[in-house]
1. Rounded to the nearest 20 debye, what is the charge dipole size of the range 144-242 about its Cα centre when +1 sits on each Lys and Arg Cβ and -1 on each Asp and Glu Cβ?
2. Please express the shape of the range 101-201 as an equivalent ellipsoid: the semi-axes are the square roots of 5 times the eigenvalues of the C-alpha gyration tensor, given largest first in whole angstrom.
3. Percent of accessible area on the range 81-175 owned by carbon and sulfur, 1.4 Å probe?
4. Between 0 and 90 degrees, rounded to the nearest ten: what's the tilt of helix 56-69 against the longest Cα principal axis of the chain?
5. Based on the alpha-carbon gyration tensor of the range 116-266, what equivalent-ellipsoid semi-axes (square roots of 5 times the eigenvalues) come out, in whole Å, largest first?
6. Quick one: net charge around residue 24, please, counting Lys, Arg +1 and Asp, Glu -1 for every other residue with C-beta under 11 Å from its C-beta.
7. For the range 43-147, taking Cα atoms only, what is the radius of gyration to one decimal and the Dmax to the nearest whole Å?
8. Rounded to the nearest 20 debye, what is the charge dipole size of the range 1-97 about its Cα centre when +1 sits on each Lys and Arg Cβ and -1 on each Asp and Glu Cβ?
Amino acid sequence: MLRQGAGEPLVLLHGIFQADRVWRRVIPPLAARYDVIAPMGFGHGGRVPDKRPTTFGDWVDDSEQILDELGLDKPHLAGNSSGGWVALELARRGRAKTVCAFSPAGAWDRDWDDMVRIRDALRTAMRDTRRSRRLLSLLGYSGRFRRWAMDDVAVHGDRLSRADFVDSADNTLGCSVLEDAIEDTAELELLDPPPCPITLAWSQQDRIFPIGVYGARAKEMIPGARFIVLDDVGHVPMFDDPQLVADTIIAATEAAASEEQTPPFA
């Protein structure tokens, strides 16, 4: 778990194949305003679940338990991909002051072929990372290779340092719930009215959850959310532009604070 700063609590939730460290470059710009906490997610970083198979609901339960252990009732929440979906479900449970969800999972288009695409892509990423791990420390010296290897989740993979690139590969290998996650049939359900101010921040060049399909469906499922598009970033925008991610979170919380608080946000 990473923690830095002072102020209102802000919890950052990573997605599948990631770890708390994916927020490492985002935290410093936030720490001047917030008590920023990035926990290690369910089934990642050596955190092996005590039951199998696990469900998405177990991930949400675990995240809520982390809030309880930290003594946080309703912190600001921000999350990416699966972590964004977790943040939305915690809000549904009344555990969020605000939510900023970056390309959250769960807004499936219910097209079986596309679900197969996502599952195959995740399995392929795990398989290829496992097979190539021994070479990545060497290949990671090349910015061109880093950009190519990160193409599914980042526009500018070359902006990652070699160390962060290798760390990202190890985070992928540290996911122990892949098969459980891709076989789970859960999906984002209607949040109307939203239980708190919600910002959906979608990556314009998201190749995992293309904005035209998944962003559009997320807007339908959370009709009261503020929807913004992030230019020149991929599915994991923290890789491409950590300052943009930090600025987006700050803007989301400040916009909520400046609005007149009327139902359903009372």
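The values are calculated or read from the model by the stated rules, or taken from the named source; none is laboratory data. Since we're looking at a predicted model, the values are computed, not measured. Positions of Cβ are generated from backbone atoms using ideal geometry, with glycine treated the same way; all protein chains shown enter the neighbour counts. With ligands, DNA and RNA removed, areas are computed over all heavy atoms of the protein, side chains included. Shrake-Rupley method; radii C 1.70, N 1.55, O 1.52, S 1.80 Å.
1. Roughly 460 debye, rounded to the nearest 20.
2. Over the Cα atoms of the range 101-201, the ellipsoid semi-axes are 30, 18, 12 Å.
3. 52 percent
4. Tilt of helix 56-69: around 60 degrees.
5. Computed over the range 116-266, the values are 33, 20, 13 Å.
6. -1
7. Every Cα atom of the range 43-147 included, Rg and Dmax give 17.2, 47 Å.
8. 340 debye
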